[in-house]
Amino acid sequence: MVENKKRILILGGGFAGIECTRKLESYFIHDVNIQITLVSEDNFFLFTPMLPQVASGMIETRHIITPIRTLFVKTEFYESKIKNIDPYGKIVTLEGTSERRGISLEYDFLVLALGSQANFFGIDKMEERAYSMKTLNDAVVLRNRVIDMLEQAENEDDPILKKSLLTFVIVGAGFAGVETAGELIDFVLDARKHYPHITREDIRVIILEAVSFILPGFNEGLAKFALKKLTQRGIEVKLNTKLSSFSGTEVIIEDITTSMKNLVNQPNIGAIQTRTLIWTAGVTPVDTIKKSVFKTKGGIIVNEFLEVPDFPGVFAVGDCCTLINPKTQKPYPGTAQNAQEEGKLVAYNLRALIKKEQKKKFGYSSRGQMAVIGKRAAIATLFGIHLHGIVAWWVWRTIYLSKIPRFDKRFRILLDWIIDLFFDRDIARLKVLRREAPKDYRELDEVDDVW
């Protein structure tokens with residue numbers, strides 16, 4: 001019986017990885033011949049759609065995370081970074097720490113759900129100077145930065161420097177950029193009452209977008225409504241505007257429309273004085289995938305079964321993979337609902353492989369899209385129905401609250417929202433340091449069960 005045991009290894013604890021693991025457990029919960037192992041860099045599942053609300057202080061940090069170990073019964077879990085993936089030898093090597101040496105895990109089936117990282121498009125030193133919105137640490141660091149800028153600006157006598165401290169530039173007008181801008185302007189304006197020397201005119205929140213519209217993929221009418229609302233609330237949205245560089249104190253921008261019309265002449269260049277740049281403009285595969293042997297084109301190339309063609313039994317899901325939608329001839333979008341559906345399909349196909357049954361092809365149509373654009377304002381498209389304003393805002397909260405994995409977390413978030421209606425947001429700044437560079441430690445000679 002032990003000799004026939006099948007080992008399924010899932011790498012990544014995001015939407016796709018968690019959903020795949022949950023489905024696999026439902027299939028094999030009582031099957032002792034199936035071993036399920038999940039590896040994640042963090043020991044929690046992060047509900048990323050609510051990251052902007054953590055950055056603005058509306059929701060407490062721990063309320064949008066769920067410990068992975070509380071979600072599963074059968075699955076063996078490892079908290080570790082991935083050092084190397086060897087699909088030929090069917091071995092994944094995990095990095096070690098100062099307390100534990102690295103180990104290697106063997107597998108029969110592999111699911112790659114490692115997500116993505118910010119894509120800075122090769123702009124010089126952008127990664128070290130800009131703030132991202134991909135992880136929980138990013139949200140906490142950004143919140144601290146905003147409060148720090150308020151503290152410094154309150155006691156600054158130089159009006160030019162004060163203005164630059166209170167100017168926040170967001171690159172990218174997708175979901176993350178728009179929702180971050182909405183939460184940021186709410187937080188800064190609410191906090192202003194505690195800073196008597198800061199006026200509304202001192203504060204600027206600017207969105208830079210290289211194309212001529214915001215929220216790509218959204219209904220055009222709703223996107224225009226969102227743009228109007230953002231502008232009404234004092235957020236400057238600069239469309240057809242490309243960021244050229246950021247020195248740490250100044251953003252250099254280029255008007256794409258002008259540069260296209262005047263191909264011979266110099267493009268129209270502008271500058272924005274700011275100390276805080278938030279990058280939400282694009283994603284790219286994580287370094288582990290980039291360094292691997294898998295073929296990539298925006299993500300790992302997979303077939304209609306979400307299987308890597310050159311390596312049978314290896315699947316890729318979520319932001320980790322690239323699959324063309326035959327209806328649109330474009331890649332499936334990197335949304336949470338799409339990642340979850342891919343996770344479910346891969347679990348089904350793994351079961352089919354083990355049971356020697358027919359695999360299913362991936363085919364999924366979005367149920368809808370939603371985006372919050374500020375206090376009691378949102379836009380939503382659900383099953384072809386377009387909503388905006390306070391109704392869409394209520395729908396957004398209801399649906400996303402229902403998707404939080406555990407009831408206790410849902411209840412805590414609901415309390416946070418209720419408290420936000422009656423009380424001011426906390427402006428205490430927690431001095432959280434950025435992560436140190438990882439150290440490498442040698443592997444164990446054998447695969448040991450360290451838990």
**Prompt:** P(r) of region 267-327 in 10 Å steps, Cα pairs, percent per bin?
**Reply:** 19, 38, 17, 16, 10, 1
**Lys, Arg +1 and Asp, Glu -1 on Cβ, resulting dipole of region 1-152 about Cα centre, debye, nearest 20** = 220
**Message:** Please list, by residue number, every one of the GluC sites (Glu not before Pro) in region 288-353 that is coil in DSSP and has at most 16 other beta-carbon atoms within 10 Å.
**Reply:** Glu304
**Prompt:** Within the accessible area of region 158-236, what % is carbon and sulfur when the probe is 1.4 Å and the other protein chains stay in place?
**Reply:** 59
**Antiparallel %, DSSP beta bridges [both residues in the chain], to 5** = 55
**Complete:** Row for region 264-417, column shape: gyration tensor on C-alpha, a ≥ b ≥ c, rounded if a/c < 1.5 i.e. under 1.5, prolate if a/b over b/c, else oblate; value oblate
**Message:** At 0.36 nm per residue, and after removing the present C-alpha to C-alpha distance, how many nm does the segment from Leu161 to Ile385 gain when stretched out fully?
**Reply:** 76.0 nm
**Fill in**
Percent antiparallel among DSSP beta bridges confined to region 128-264, rounded to 5, stands at 35
**Request:** Calculate, for region 299-435, the solvent-accessible area per residue in square angstrom, rolling a 1.4 angstrom probe over the heavy atoms of the protein chains.
**Result:** 55
**Complete:** Taking only the alpha carbons of region 144-192, the radius of gyration and the largest Cα-Cα distance, Dmax, both in angstrom, are 11.8, 36
**Request:** Determine which lysines satisfy two conditions relative to Lys193: a Cα distance under 19 Å, and not lying fewer than 8 residues away in the same chain.
**Result:** Lys162, Lys163, Lys375
**Message:** Given the options Met58, Ala347, Thr284, identify the residue whose Cα lies farthest towards the positive end of the charge dipole of the chain (+1 on Cβ of Lys, Arg; -1 on Cβ of Asp, Glu).
**Reply:** Ala347
**Item:** Cα convex hull of the chain - mean projected area over all directions, nm²
**Value:** 24.0
**Asked** Can you tell which of Thr322, Thr97, Pro159 lies farthest toward the positive end of the dipole of the chain, using +1 and -1 charges on the Cβ of basic and acidic side chains (Lys, Arg; Asp, Glu)?
**Response** Thr322
**Asked** Can you list the aspartates and glutamates whose alpha carbon sits under 18 Å from that of Lys403, skipping same-chain ones fewer than 8 residues off?
**Response** Glu19, Glu60, Glu341, Glu342, Asp416
**Item:** Within region 188-261, chymotrypsin sites (Phe, Trp or Tyr not before Pro) in DSSP loop having at most 16 other beta-carbon neighbours inside 10 Å
**Value:** Phe213
**Asked** Over all pairs of distinct alpha carbons, what does the Kirkwood formula give as the hydrodynamic radius of region 1-99, in Å?
**Response** 15.1
**Complete:** Of the listed pairs Lys81/Lys409; Lys134/Lys238; Lys134/Lys297; Lys83/Lys355; Lys81/Lys431, those with alpha carbons more than 28 Å apart are Lys83/Lys355
**Prompt:** Which aspartates and glutamates have a Cα less than 14 Å from the Cα of Lys290, not counting those fewer than 8 places away in the same chain?
**Reply:** Asp86, Asp319
**Prompt:** Computed over the Cα atoms of region 221-351, what is the convex hull's projected area averaged over all directions, in nm²?
**Reply:** 12.5
**Request:** May I ask for log10 I(q)/I(0) of region 335-441 at q = 0.14 Å⁻¹, from a Debye sum over the Cα atoms as equal point scatterers with solvent left out?
**Result:** -0.87
**Message:** Which trypsin sites (Lys or Arg not before Pro) in region 113-178 sit in a loop by DSSP (not H, G, I, E or B) and have at most 16 other Cβ atoms within 10 Å of their own Cβ?
**Reply:** Lys125
**Prompt:** Residue separation times 0.36 nm, minus the C-alpha to C-alpha distance between Lys125 and Val211: what's the value?
**Reply:** 28.6 nm
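The values are calculated or read from the model by the stated rules, or taken from the named source; none is laboratory data. Computed from a predicted structure; not experimentally measured. Quick reminder, even Gly has a Cβ in these numbers, built from the backbone with ideal geometry, and neighbours come from all protein chains shown. These area figures cover heavy atoms from the full protein model, side chains too; ligands, DNA and RNA do not enter into them. Shrake-Rupley method; radii C 1.70, N 1.55, O 1.52, S 1.80 Å.
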